[in-house]
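Only one structure is covered here, and it is reproduced in the block below.
Bear in mind that the values in this text are calculations on the coordinates, not laboratory data. On a predicted model such as this, the values are computed, not experimentally measured, just so you know. Neighbour counts are summed over all protein chains in view; Cβ atoms, including those assigned to glycine, are modelled from backbone coordinates with ideal geometry.
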Amino acid sequence: MGWRRVSLCFLALSVAIVTDVQARLVRNHVNSICSTWGRGHFKTFDGDIYQFPGMCEYNLASDCHETYQEFSVHVRRKEEDGNPIVSYVVVTINDLSFHLSKNLVNVNDELVKLPFYQGGVQVERNAVYIKLQSKVGLTVMWYLGDSVMVELDRDYANRTCGLCGDFNGVAVNEFIHNGRKISPIEFGTKQKVHLPNDDCEDPYEEEDDSREARSVPDSCKQFQTTCDQMLHSESWSSCTKLIDPEPYIQTCVQDMCGCPNTTNDFCVCSTLSEFSRECSHAGGQPPNWRTHQFCAKKCLHNMVYEESSSPCIETCKNQGTSSMCEHHRLDGCVCPPGTVFDDISNRGCIAQSKCQCYHKKIYNPGEVYRQDQDEW
Ligand SMILES: [Ca+2]
């Protein structure tokens with residue numbers, strides 16, 4: 001009887017733990033996330049979405065409460081084929097400075113190989129993003145070429161500054177300075193990082209007010225329907241129940257309108273990708289909206305891109321990780337169903353049973369590898 005009670009207690013405890021993990025998985029935490037994407041769109045921690053076309057180095061988010069700065073994240077865009085893509089991200093955490101560019105990562109001015117671990121910071125990259133995660137409660141994800149996302153612990157609430165705002169849970173207050181309403185351009189320009197020998201010019205202030213007043217120019221009205229239909233389609237309903245799609249429809253229109261070539265991935269895919277990620281962070285499940293012809297993402301080996309999948313990939317050495325995974329689902333490259341990533345020979349995704357064969361390699365050194373059959 002006693003044992004049965006103990007078993008029941010254990011069962012109840014297990015259920016409680018699983019429920020707790022799942023609650024954490026679906027917890028809406030978009031308010032701990034700031035991002036920038038497309039043609040200079042920003043979403044602050046407190047939910048304001050605004051446009052700032054500055055092309056200098058800017059403070060995206062930093063710890064501003066104490067005299068000692070624990071972290072900072074700076075970004076800079078550059079123009080490539082007529083589109084303002086993110087050219088580099090500089091993350092400083094205590095005495096470590098990470099300079100992330102598309103192909104190279106420097107730590108305190110020294111080139112390093114990824115994955116990199118030091119001082120409680122992990123930097124890794126895959127075909128889709130570079131991710132920097134620090135024990136100070138900061139995660140930076142740079143979806144290469146396009147969007148940068150900063151996620152912060154609630155401990156930093158009301159103590160940040162930069163283009164991501166002050167993280168005080170109140171929208172709009174960032175755009176009021178000494179009792180006066182300021183424009184996104186004025187707000188953005190204040191976040192400029194002054195570098196020696198950098199003569200980068202601030203964006204022009206001129207038409208800021210008029211732009212706000214007239215919203216979408218007539219020449220862009222044609223894109224309104226396209227963007228509206230995409231985000232209001234039934235397949236996105238799990239997302240539109242959680243996040244108001246209207247500001248994203250506007251950024252989609254602006255991207256397509258400002259694009260030199262509207263079939264360019266940067267123009268149409270950028271906001272859809274952002275909305276999809278925001279949806280995952282809000283606990284929703286975005287559809288697999290990409291196709292081979294539309295906003296396709298390339299993965300390494302035979303991995304496939306999923307809009308909503310566990311970031312903990314099953315591998316030969318580490319099986320069962322996705323069921324124990326504490327991170328919520330996000331877009332990324334995963335192995336097709338029924339396969340695991342071969343982290344022994346690094347040959348992509350293979351059937352789980354094939355992993356066992358690799359163990360023979362370790363335990364039966366006499367066995368011969370037959371390359372013609374590509375298996376043991
Ligand atoms: Ca605020």
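Structure data summary
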| read-out | value |
| --- | --- |
| At 1.002 mPa s and 20 °C, Stokes D of the range 30-194 from Kirkwood alpha-carbon radius, µm² per second | 134 |
| Sorted peptide list for 77-83, 282-288, criterion being average Cβ within 10 angstrom, highest first | 282-288, 77-83 |
| Amide H within-cut-off set for Ser87, under 5 Å, with H built and near neighbours excluded | Arg76, Arg77, Lys78 |
| Shape call, the range 220-281: gyration tensor on alpha carbons, a/c limit 1.5 | prolate |
